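Colleague: Take a look at this one; I'll ask things after.
All of the numbers you see were taken from the coordinates with simple rules; none came from a lab. Computed from a predicted structure; not experimentally measured. Heads up, the Cβs are rebuilt from the backbone with ideal geometry, glycines too, and the neighbour counts pull from every protein chain shown.
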């Protein structure tokens, strides 16, 4: 039996630059009430960008939340009312310099469904043309290219520590048929 | 060139039940400062629980952040100082009733590395013994079992909308060698 948690009351806790936070009082099973803390996020995009040689383009950057440098697929926030496809094309260019001759939506998923409404849209980008990067001046990003088969091994041995990147690599491997 | 963002100042915005929120003033590249909004979360576990018949145990529940019912791998928060393995055994029992004869750590990953320190630990549970569920009275959870090959198709056609569940299914498929 699935129970829909209707909102009884909602408190705005914070409105920020990349996220807002609210606390909802909800009706739960058994005619009781409970609270749900919800992060509001505008959503983002992740790009599995595959070169003609079968390599995936990856970025390394310092992540404050993890307090370390992390290897990830190129990704970024959707700006305002921007379409996800537009954001994917923009972020790929900004972070890696590449323009995709072909870009295909693979799937979309919630990153932290227990407490965040952030939805990430995953794209497969191929027929890549190199160009200049143009990332935000407060970002410092290193770009690498790895064979997809090597990245798959890095997922399975725990070297890839970012959920969206794990999804991007393993779904790209299925599409490109990497064994 | 990778730049480590040292914290200059930190503001506590919210301390809640499942998450805290802080805003860090950080030193960024080019001798400038910027702000990072960081959700603090105690971390969680996700379990790829595979029956002797090659089915994966899944749960369906209403998720307030998504405002809908979502199909997911069993998962939950780590309680205080609880070890991730202990949390995985506990959550599997609570949400599905199953006790695993064998449980193996697969990998660990950040769910939303751009703004959250939440780390999820993924386990493979096999040799499952059925028993009674004992989930929280405010939760309403339906349990299903799907062949792993069917779940893999559901990932690729976009029916699985939860990042940790996509990782759990695709990594389990590699371990169990589902084609």
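Colleague: So what does log10 I(q)/I(0) come out to for the protein assembly as shown at q = 0.08, 0.09 Å⁻¹, using the Debye formula with one equal point on every Cα and no solvent?
Modeller: For the requested q values the scattering log ratios are -0.38, -0.49.
Colleague: At a Förster radius of 25 Å, what calculated FRET efficiency corresponds to the Cβ-Cβ distance of residue B:83 and residue A:32, to the nearest 0.05?
Modeller: Once rounded, the FRET efficiency stands at 0.20.
Colleague: Return one number: the angle in degrees, 0 to 90 and rounded to the nearest 10, between the long axis of the Cα atoms of helix A:163-176 and the longest principal axis of the Cα atoms of chain A.
Modeller: So the helix axis and the longest Cα principal axis differ by about 50 degrees.
Colleague: Can you grab the distance from the C-alpha centre of segment A:1-64 to the C-alpha centre of segment A:160-179, Å, no decimals?
Modeller: 22
Colleague: For chain B, modelled as a Gaussian network with Cα springs under 10 Å, which listed residue fluctuates most, B:163, B:48, B:100?
Modeller: The residue that fluctuates most here is B:163.
Colleague: Run the simple label-point estimate for residue A:143 and residue A:159 please: 7 Å along Cα→C-beta, distance reported in nm.
Modeller: 2.1
Colleague: Taking the 0 to 90 degree range and rounding to the nearest ten, how far is the long axis of helix A:84-96 tilted relative to the main principal axis of chain A, both from C-alpha atoms?
Modeller: The angle comes out at about 50 degrees.
Colleague: Compute the whole-percent fraction of alpha carbon pairs in segment B:80-141 spaced more than 19 Å apart.
Modeller: 41
Colleague: Using a label point 7 angstrom from Cα along Cα-to-C-beta, what distances in nm, from shortest up, separate residue B:10 from the other copies?
Modeller: 3.1
Colleague: Give me a single rounded figure for B:29-41: the average over its residues of other chain Cβ atoms within 10 Å of their Cβ.
Modeller: The shielding value for this peptide is 5.
Colleague: Sticking with this structure for a sec: Kindly provide the helix-only [θ] at 222 nm of chain B, computed as the sum of -39,500 (n - 2.57) over DSSP H runs of four or more divided by all residues, to the nearest 500 deg cm²/dmol?
Modeller: -6000 deg cm²/dmol
Colleague: While we're here: In what sequence do A:152, A:32 fall when counting other Cβ within 10 Å, fewest first?
Modeller: Lowest to highest Cβ neighbour count: A:32, A:152.
Colleague: What are the extents of the Cα atoms of segment B:42-100 along their three principal axes, in Å, largest first?
Modeller: Principal extents (Cα only, largest first): 34, 31, 14 Å.
Colleague: Could I ask something else about it? Apply the Kirkwood formula to segment B:1-102: the hydrodynamic radius equals the inverse of the mean of 1/r over all pairs of different alpha-carbon atoms; give it in Å with one decimal.
Modeller: The Cα-based Kirkwood calculation yields 16.8 Å.
Colleague: Hey, rough spin-label estimate for residue B:40 and residue A:104, points 7 angstrom out along Cα→Cβ, what's it come to in nanometres?
Modeller: Output for this residue pair reads 4.5 nm.
Colleague: Using 1/(1 + (r/R0)^6) with R0 = 41 angstrom and r between the beta carbons of residue A:67 and residue B:132, what's the FRET efficiency to the nearest 0.05?
Modeller: 0.50
Colleague: Using all alpha carbons of chain A, what is the percent of pairwise distances in each 5 Å bin, ordered from the shortest bin to the longest?
Modeller: 1, 8, 15, 18, 18, 13, 9, 7, 6, 3, 1, 0
Colleague: I've got another one for you. Along the Cα-to-Cβ line of residue B:4, 7 Å from the Cα, sits a label point; which residues in segment A:50-89 have backbone N less than 17 Å from it?
Modeller: Answer for segment A:50-89: A:61-71.
Colleague: In whole Å and largest first, what semi-axes does the C-alpha gyration tensor of segment B:12-54 yield when each eigenvalue is scaled by 5 and square-rooted?
Modeller: Ellipsoid semi-axes (Å, largest first): 38, 17, 4.
Colleague: Once you have all Cα-Cα distances for segment A:105-179, histogram them in 10 Å bins from zero and send the whole-percent values.
Modeller: 15, 39, 40, 7
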